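Readers should treat all values here as calculations from the given coordinates under stated rules, not as data from a laboratory. Please read these numbers as outputs of a predicted model, since none were measured by experiment. Cβ: placed from backbone, ideal geometry, glycine included. Neighbour counts: every protein chain shown.
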Ligand SMILES: C[S@@+](CC[C@H](N)C(=O)[O-])C[C@H]1O[C@@H](n2cnc3c(N)ncnc32)[C@H](O)[C@@H]1O
């Protein structure tokens with residue numbers, strides 16, 4: 001199963017237990033250890049047909065969105081999300097809050113938005129958000145979450161698309177890729193470079209990743225999964241002189257696992273700014 005430009009891979013879905021839905025203090029950002037993220041549901045298929053059926057897609061985005069293929073990442077992630085009523089806590093990722101909380105709201109792009117907590121938080125801060133995820137189950141939950149939080153209609157555009165084949169149609173002042181890991185069919189480096197290409201002049205790109213699996217993922221098969229060190233993101237992004245690296249470090253945070261376990265998790269946080 002190819003993952004990105006290098007061999008090895010990012011962590012399996014079920015290993016992202018830092019933000020379990022039933023661990024309310026954990027924020028969001030990874031299945032709560034209950035998913036089959038060891039790759040058992042993976043597919044090696046490639047190449048989605050270009051067709052968009054998302055009812056929440058804005059017209060300007062439709063030409064760029066492709067309905068994810070039924071036997072690829074969409075099936076894997078839909079299956080994972082369907083294992084439980086809610087995967088994440090519904091709270092935004094801390095690194096996003098710490099970053100965007102200091103920025104003037106503009107246009108934001110949330111890549112791999114999951115159940116939408118980051119997008120909803122951004123919208124409530126005044127950002128106009130485009131949120132993309134390969135899972136229709138996640139997108140439906142995200143839209144419902146936005147409605148629950150009374151996000152004004154039209155402030156978030158939900159796109160059901162595979163980032164492997166989707167390109168942003170415009171530019172954003174903030175592009176966020178929080179825990180954008182996938183154990184199957186995910187060209188992460190290319191996706192991150194496309195994300196950087198979507199950042200407007202003066203805008204920011206935030207990438208947050210698990211530096212290591214949470215302790216409650218012990219027993220999962222990690223041998224194929226490469227957890228990044230900070231330099232990995234910069235290698236993936238291959239930024240030129242038009243960029244400044246503002247943050248590229250490992251940060252620790254306290255989290256609660258699916259069975260109430262407490263742990264200190266380590267994330268790689270990268271924030272870059274286009275001049
Ligand atoms: C670990 S979850 C993180 C979700 C959210 N960003 C968060 O921090 O809670 C990874 C998300 O990436 C999505 N994803 C995985 N592969 C994708 C792809 N090829 N295209 C779009 N989204 C993808 C999954 O459906 C999932 O919602």
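Kindly rank 171-184, 106-119 from highest to lowest mean number of other beta carbons found within 10 Å of each residue.
Most protected by this proxy first, the peptides run 106-119, 171-184.
Suppose we keep just the DSSP beta bridges with both residues in region 122-275; what percent of those would be antiparallel, to 5?
Working: 20 of 31 bridges.
DSSP beta bridges in region 122-275 are roughly 65 percent antiparallel.
Which order do peptides 149-155, 186-192 fall in by mean Cβ count within 10 Å, highest first?
The peptides rank, most packed first, as 186-192, 149-155.
If R0 is 35 Å, what FRET efficiency do you get for residue 264 and residue 240 from their C-beta distance, rounded to 0.05?
Calculated transfer efficiency: 0.50.
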